[in-house]
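Enquirer: Here it is, the structure, as structure tokens.
The values are calculated or read from the model by the stated rules, or taken from the named source; none is laboratory data. What you see is a predicted model, and the numbers here were worked out from it, not measured in a lab. Here the Cβ is made from the backbone with ideal geometry for all residues, glycine too, and neighbour counts use every protein chain on show.
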Amino acid sequence: MTDQPSISVTIPDLGQVMAAKGTPAIDVLAEVLSNKKRKQVILARIDGELKDLSTPIEKDCTLEAVFPADDNLEVLRHTTAHVMAQAVKDLFPDVKIAIGPAIENGFYYDFDYERGFTPEDLEKIESRMNEIVREALPITSKEMDISDALEFFTSQGEEYKAELLRDLEAEGEKTVSLYSQGNFTDLCRGPHLPDTGKLKAFKLTSLAGAYWKGDEKRPMLQRIYGTAFYDKKAMKKYFAMLEEARKRDHRRLGKDLDLFSIQEETGPGLILWHPKGAMIRKSIEDFWREEHMKRGYDLLFTPHIARLDLWKTSGHLDFYGENMYSPMEIDEIKYQLKPMNCPFHIAIYNSRKRSYRDLPLRWCELGTVYRYEMTGTLHGLMRVRGFTQDDAHIFCRPDQLDDEINEILEMTLYVLRVFGFDRYDIYLSTRPEKSVGSDEHWELATGALKNALERQGLSYEIDPGEGVFYGPKIDIKIRDSLDRSWQCSTIQVDFNLPERFNVTFTGQDSQPHAPIMVHRALLGSLERFFGVLIEHYAGAFPTWLAPVQATVLTVADRHNDWAEEVAQRLRAAGIRAEADTRNEKLGKKIREAQLQKIPYMLVVGDQETEAGNVSPRTRKGLQLDAMPVDEFADMIKDECMEQMAG
């Protein structure tokens with residue numbers, strides 16, 4: 001070691017260390033860390049990149065010690081997946097291992113085994129994992145030529161690992177890294193924790209089937225899911241959140257509250273909106289349309305099908321063909337269910353000549369589109385085959401783009417606030433390697449998106465190279481009441497479709513110029529957004545959205561006429577009201593109204609009937625003073641206006 005050339009390693013806040021080239025990162029860190037800290041460190045960050053502690057330092061660099069934290073859960077979970085695979089191999093030696101990545105809330109590993117795993121097997125696997133953790137086995141890595149790695153895994157009968165290696169070899173890879181702990185070795189890029197003893201809290205959660213490489217023509221494997229955290233307190237909090245999420249599951253609440261259904265007879269992924277769900281949808285749509293008209297948008301309606309050639313011109317047949325339904329033949333011409341609304345809006349633009357004075361044009365549509373999704377990916381309202389996009393397209397001159405993007409972003413944030421979302425993760429995606437459009441256009445569009453975010457004072461992350469091929473974009477992921485992230489709003493600048501459809505306007509110079517086209521969705525799709533709303537509010541919608549805002553409850557049959565009159569007067573005043581005049585006890589009616597999450601219950605008995613009043617009670621149990629019907633109606637209207645003020 002002393003014969004090796006010396007390198008300079010900068011350790012932020014702790015100074016500079018001179019070390020021999022090739023010294024493992026942990027040994028360099030040991031020079032400046034206390035014994036206590038030395039035992040806690042789990043990874044190294046070398047020039048900003050996470051690495052194993054055993055990684056040799058080969059050049060001058062910045063080196064940081066990494067300790068257990070939320071931002072490196074992926075490494076913990078991937079390590080746990082390896083420990084699970086080792087436990088499975090120990091217990092079931094004939095099993096063949098496939099892949100085992102970390103995912104958003106945990107990890108999984110796919111196995112090929114002659115019989116299905118059972119819940120009892122999960123208990124045994126978890127028990128063996130705990131033994132491996134107690135052994136604190138060192139986790140080591142080594143580089144190996146692909147040919148040697150292929151020979152190793154083939155000799156072990158691991159045909160799935162061998163296939164992955166052949167794929168890497170075909171891509172031009174020469175070497176791979178293998179990680180080992182105890183008697184278990186896996187193909188992996190890393191990094192990993194230094195030893196299995198660093199695993200403190202994990203749980204295997206479920207079993208599922210999964211086709212190898214997602215191909216239904218390949219073998220069906222068995223997938224074991226799990227999760228892991230750096231401490232048991234965090235894991236307990238996570239499972240409490242899962243239980244709350246289960247209670248809020250929109251599929252269960254959709255049935256309990258009679259909002260929507262999906263039925264085999266009509267087809268998977270196709271939503272049937274029931275009266276109460278349809279009323280909520282109407283409230284959403286009415287608000288959406290009014291806000292757009294206030295802001296200078298015009299409404300459009302377009303067909304559900306078009307000639308197949310339209311989708312060839314737009315490029316959808318090339319780029320989205322696998323997600324489109326098969327064409328239908330009408331009068332010996334092929335037609336296609338629309339996967340998007342954009343080409344129709346362009347057709348309206350091209351229906352007449354446009355001048356620079358006409359721009360900007362802001363057009364919006366609640367347009368229903370159809371996309372084929374594999375049956376296994378369908379999930380309630382969140383992943384469907386027919387859905388309504390809250391679509392809009394803006395055609396503007398380059399000099400108008402900056403203000404248009406700013407207006408779109410301001411509107412987006414306002415609308416999301418009205419629906420109860422004020423926390424976001426925002427991403428600005430820039431030009432990918434394969435793209436269309438000039439450098440000038442890309443710089444103009446990216447600058448406009450960035451300027452709008454900064455004018456609104458919003459924090460955002462740059463997502464380099466993740467723009468769509470036709471332009472940069474802003475994606476806004478809202479966070480719900482359980483702090484889960486949902487992709488909803490997107491703003492995309494498009495240079496492609498105007499070129500494909502020869503979209504132009506006549507400029508001041510009397511020459512044709514291409515407008516800039518902006519695609520924009522605030523809610524994404526009504527179906528998915530409705531699912532998010534159900535779970536965000538656990539079905540207890542704010543009064544302005546509630547399908548039934550008030551229910552009139554009678555104490556006895558002699559109060560039925562007054563109850564019906566109250567309900568009718570409220571409906572005439574624009575309040576969504578109903579009367580419950582069943583011959584049931586008042587307590588039962590109140591409980592059922594609370595289960596239906598109706599914002600207000602209006603009790604009417606002898607006093608209310610005689611005085612012409614109602615006695616309001618909230619779904620949370622707060623009893624209000626008796627009041628005239630008109631006063632209650634005004635109270636509801638004021639509450640709704642306040643909620644819709646954002």
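Enquirer: Residues that are closer than 18 Å to Phe501 by Cβ and touching a residue at least 24 places away in the same chain (Cβ under 8 Å): which strands (runs of 3 or more DSSP E) entirely in the stretch 287-342 hold 2 or more of them? Talk me through it step by step, then tell me what you get.
Expert: Working: elements: 305-307, 328-330, 333-337.
Correct list: 305-307.
Enquirer: Go through (1) over 33 Å from the mean Cα position of the chain (by Cα); (2) buried (at least 17 other Cβ atoms within 10 Å of the Cβ); (3) closer than 13 Å to Gln86 by Cβ one by one and return the number of the condition Leu199 breaks.
Expert: Going through (1) over 33 Å from the mean Cα position of the chain (by Cα); (2) buried (at least 17 other Cβ atoms within 10 Å of the Cβ); (3) closer than 13 Å to Gln86 by Cβ one by one, Leu199 breaks only (1).
Enquirer: Here's another thing I want to ask about it. Let me confirm something: among Tyr179, Tyr230, which residue is in contact with a Cys (Cβ under 6 Å, 6 or more places away or on another chain) and assigned by TED's automatic domain parsing to the domain that holds Gly106?
Expert: Values: Tyr230 fails: in contact with a Cys (Cβ under 6 Å, 6 or more places away or on another chain).
Sole residue among the options that is in contact with a Cys (Cβ under 6 Å, 6 or more places away or on another chain) and assigned by TED's automatic domain parsing to the domain that holds Gly106: Tyr179.
Enquirer: Any residue at all in the stretch 376-383 that's surrounded by fewer than 17 Cβ atoms within 10 Å (Cβ to Cβ), more than 18 Å from Phe529 (Cα to Cα) and touching a Leu at 6+ places or on another chain (Cβ under 9 Å)?
Expert: The answer is no, given that none of the residues of the stretch 376-383 is surrounded by fewer than 17 Cβ atoms within 10 Å (Cβ to Cβ), more than 18 Å from Phe529 (Cα to Cα) and touching a Leu at 6+ places or on another chain (Cβ under 9 Å).
Enquirer: While we're here: Condition (residue is under 31 Å from the mean Cα position of the chain (by Cα), over 20 Å from Pro93 (Cβ atoms) and among the small types (Gly, Ala, Ser)) applied to the stretch 163-183: is it met by at least one residue?
Expert: No, the stretch 163-183 contains no residue that is under 31 Å from the mean Cα position of the chain (by Cα), over 20 Å from Pro93 (Cβ atoms) and among the small types (Gly, Ala, Ser).
Enquirer: Among the residues of the stretch 481-494, how many are outside any loop (DSSP other than H, G, I, E, B) and at pLDDT 90 or above? If you could, list the steps in order and put the result at the bottom.
Expert: Kept after step one, since they are outside any loop (DSSP other than H, G, I, E, B), are these residues of the stretch 481-494: 485-494.
With the extra rule that they be at pLDDT 90 or above, the set shrinks to 485-493.
Residues flagged as outside any loop (DSSP other than H, G, I, E, B) and at pLDDT 90 or above within the stretch 481-494 amount to 9.
Enquirer: For the stretch 495-545, give me the residue count where each residue is assigned to a helix (DSSP H, G or I) and modelled with pLDDT under 95.
Expert: Total satisfying the criteria: 5.
Enquirer: Which count do you get for residues in the stretch 550-574 that are closer than 22 Å to Asp638 by Cα and crowded, with 21+ Cβ neighbours inside 10 Å?
Expert: 6
Enquirer: Restricting to the stretch 507-525, name every residue that is buried (at least 23 other Cβ atoms within 10 Å of the Cβ), among the aliphatic types (A, V, I, L, M) and in contact with a Ser or Thr (Cβ under 8 Å, 6 or more places away or on another chain).
Expert: Of everything in the stretch 507-525, those that are buried (at least 23 other Cβ atoms within 10 Å of the Cβ), among the aliphatic types (A, V, I, L, M) and in contact with a Ser or Thr (Cβ under 8 Å, 6 or more places away or on another chain) turn out to be Leu522, Leu523.
Enquirer: Of everything in the stretch 581-626, what is assigned to a strand (DSSP E or B) and crowded, with 18+ Cβ neighbours inside 10 Å? Give them in sequence order.
Expert: Tyr600, Met601, Leu602, Val603, Val604, Asn613, Val614, Ser615, Pro616, Arg617
Enquirer: Name every residue in the stretch 56-67 that is part of a loop (DSSP other than H, G, I, E, B) and either of a type in the set (Phe, Trp, Tyr) or free of Cβ contacts under 8 Å to residues at least 40 places away in the same chain (or both), in order of residue number.
Expert: Phe67
Enquirer: Same structure, new question: So how many residues does the stretch 139-162 have that are loosely packed, with under 13 Cβ neighbours inside 10 Å and either of a type outside the set (D, E, K, R) or on the phi > 0 side of the Ramachandran plot (or both)?
Expert: Total meeting the criteria: 3.
Enquirer: Restricting to the stretch 235-251, and then to whatever is modelled with pLDDT of 95 or more and in contact with a helix residue (DSSP H, G or I) (Cβ under 8 Å, 6 or more places away or on another chain), can you tell me which residue is surrounded by the fewest Cβ atoms within 10 Å (Cβ to Cβ)?
Expert: Checking each candidate, the answer is Asp249.
Enquirer: Still on this structure, please answer the following. Give me the residue from the stretch 175-188 that is farther than 17 Å from Tyr160 by Cβ and touching a Ser or Thr at 6+ places or on another chain (Cβ under 9 Å) and, out of that set, surrounded by the fewest Cβ atoms within 10 Å (Cβ to Cβ).
Expert: Among those residues, the one meeting the criterion is Gly182.
Enquirer: Moving on to the next point. Pairs only if they're at least six apart or on different chains, beta carbon under 9 angstrom, first in the stretch 255-271 and closer than 16 Å to Tyr370 by Cα, second basic (Lys, Arg) and assigned to a loop (DSSP other than H, G, I, E, B); list them, first residue then second.
Expert: Partner pairs satisfying both residue conditions: Gly267/Arg385; Pro268/Arg385; Gly269/Arg385; Leu270/Arg385.
Enquirer: Now a separate question. Mind telling me which of the residues Asp121, Asp60, Asp110 ends up being of a type in the set (Asp, Glu) and not assigned by TED's automatic domain parsing to the domain that holds Lys203?
Expert: That would be Asp60, the only listed residue that is of a type in the set (Asp, Glu) and not assigned by TED's automatic domain parsing to the domain that holds Lys203.
Enquirer: Among the residues of the stretch 238-251, is there at least one that is over 30 Å from Pro547 (Cβ atoms) and either free of Cβ contacts under 8 Å to residues at least 40 places away in the same chain or in contact with an Asp or Glu (Cβ under 6 Å, 6 or more places away or on another chain) (or both)?
Expert: Checking the stretch 238-251: at least one residue is over 30 Å from Pro547 (Cβ atoms) and either free of Cβ contacts under 8 Å to residues at least 40 places away in the same chain or in contact with an Asp or Glu (Cβ under 6 Å, 6 or more places away or on another chain) (or both).
Enquirer: Looking at Phe92, Phe67, which is the one that is under 30 Å from Glu131 (Cβ atoms) and at pLDDT 95 or above?
Expert: Phe92
Enquirer: Anything in the stretch 376-431 that is basic (Lys, Arg) and either part of a strand (DSSP E or B) or touching a strand residue (DSSP E or B) at 6+ places or on another chain (Cβ under 8 Å) (or both)? List them, or say none.
Expert: Answer for the stretch 376-431, where residues must be basic (Lys, Arg) and either part of a strand (DSSP E or B) or touching a strand residue (DSSP E or B) at 6+ places or on another chain (Cβ under 8 Å) (or both): Arg383, Arg385, Arg397, Arg423.
Enquirer: Continuing with the same structure: Look at the stretch 620-646 and say how many of its residues are charged (D, E, K, R), modelled with pLDDT under 95 and touching a Phe, Trp or Tyr at 6+ places or on another chain (Cβ under 8 Å).
Expert: Within the stretch 620-646, residues that are charged (D, E, K, R), modelled with pLDDT under 95 and touching a Phe, Trp or Tyr at 6+ places or on another chain (Cβ under 8 Å) number 0.
Enquirer: With the structure loaded, tell me whether Gly447 is buried (at least 18 other Cβ atoms within 10 Å of the Cβ), at pLDDT below 95 and under 30 Å from Asp358 (Cβ atoms) or whether it fails that test.
Expert: no
Enquirer: Within the stretch 438-461, how many residues turn out to be under 27 Å from Phe419 (Cβ atoms), touching a residue at least 24 places away in the same chain (Cβ under 8 Å) and of a type outside the set (D, E, K, R)?
Expert: Step one: list which residues in the stretch 438-461 are under 27 Å from Phe419 (Cβ atoms), which gives 448-461.
Next cut, touching a residue at least 24 places away in the same chain (Cβ under 8 Å) only: 448-449, 451-453, 455-456, 458-461.
Imposing the further condition that a residue be of a type outside the set (D, E, K, R) reduces the set to 448-449, 451-453, 456, 458-460.
The qualifying residues number 9.
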